[in-house]
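**Q** Pasting a structure below so you can have a look.
Only the coordinates and a few stated rules stand behind these numbers; no lab work does. Quantities reported herein were computed from a predicted structural model and do not represent experimental measurements. With ideal geometry, Cβ positions are generated from the backbone for all residues, glycine too; neighbour counts draw on all protein chains shown.
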Amino acid sequence: MRERNDISDPEAIDLNQPNAARAYDFLLGGSHNFESDRQLARTVRDAYPGAVSLAQANRVFLRHAVRHCVRDLAITQLLDLGSGLPTVGNVHETAWTHNPAARVAYVDIEPVAVTYSRHLLGDTDQVTVTQADLRHPRAVLTSPGVADLLDLTQPVAVLLIGVLHFVSDTDQPAQILRAYRDALAPGSVLVLAQSSTDYPDHPQLAAEIAAANSHYASTRTPGTMRNRAEIHALLTGWDLEPPGLIDVAQWAPGQHHADPLGGYGAITRPLTRPATAPQTRPRAAGLTE
């Protein structure tokens, strides 16, 4: 595994400051977290007892989407934005089950998650871990760990699982998604999962999700809940594959829950090929920050 594009930020690693990625790792049963993260995760779990089930459903949806992209769509390049910490059944393991030649570029802003990911993933030329901010598409796509691994003139599956709600509305998430879309070759895919409180038929679920989300205000990545219509609006310019934008609990066959779990997921493709898409590798020109 190649290590690329370190961000030097001595204030970024504060083990007394809870981190959303490490708290998520704890909810998934991982061990790469600190007491501050565990305290946050327990508080979130107390507010929303289904938090563990939602985290697990997100992983099931992620694996389903990766299988679909690699096995059914023959996409061999994957860009996992906000990748967090690699757990069992992670992206490259799932992809390699269906195509051992698949390449995976992991990207996360959190320095401890990046360091641990590099340590856990070992040494392979088919995987990179890059520390970068997904809110800046140009910086992500031109970073050596992404640009040297992925050929953006060929289809790429971009994965945004459980991370877009940590991008605030002031960061213009629709523009961010548009910038990634405009850099993709025909045949590419965007996979998205976002937590939500928009469950009018399940008011207790909505209240618990809102209460759990309020605790992330103590982290560097406070959550921004969006209703289903707002999430759908972010996907303007993308064609949703069936069954569309639905609760993540309903995505994978054999994994359905009787009730929703509080997050919407979708697998999408760009509606049209951008007219300004460059034709050289790596395709970075024309991207917005």
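**Q** Given the rule -39500 (n - 2.57) for each run of at least 4 DSSP H residues, summed and divided by the residues of the chain, what is its mean residue ellipticity at 222 nm, to the nearest 500 deg cm²/dmol? Write down the numbers at each step before the final one.
**A** Details: 10 runs with 97 residues, N = 289.
Here the helix-only value at 222 nm equals -9500 deg cm²/dmol.
**Q** Using 0.36 nm per residue, how much length does the chain from residue 31 to residue 71 gain when fully extended, once their Cα-Cα distance is taken away?
**A** Using 0.36 nm per residue and subtracting the Cα-Cα distance, I get 11.3 nm.
**Q** Residue 172 label point, 7 Å along Cα→Cβ, cut-off 20 Å on backbone N: hits in the range 183-208?
**A** 183-184
**Q** Right, another one. Residue separation times 0.36 nm, minus the C-alpha to C-alpha distance between residue 101 and residue 115: what's the value?
**A** Answer, rounded to one decimal: 2.6 nm.
**Q** Next question, about the same structure. From the gyration tensor of the Cα coordinates in the chain, what semi-axes in whole Å does the equivalent ellipsoid have, largest first, with each one equal to sqrt(5λ)?
**A** After diagonalising the Cα gyration tensor, the semi-axes are 27, 22, 18 Å.
**Q** Taking amide hydrogens as modeled 1.01 Å from N in the peptide plane, which residues meet the under 5 Å criterion relative to residue 189, leaving out close sequence neighbours?
**A** Amide H neighbours of residue 189, under 5 Å, 5+ apart: 156, 157, 158.
**Q** What is the packing order of peptides 213-219, 124-130, taking the mean over residues of other C-beta atoms within 10 Å and listing the highest first?
**A** 124-130, 213-219
**Q** For the range 259-266, just list the computed ³J(HN,Hα) in residue order, Karplus coefficients 6.51, -1.76 and 1.60, θ = phi - 60°, integers in Hz, with x standing in for Gly and Pro.
**A** 10, x, 10, x, x, 9, x, 8
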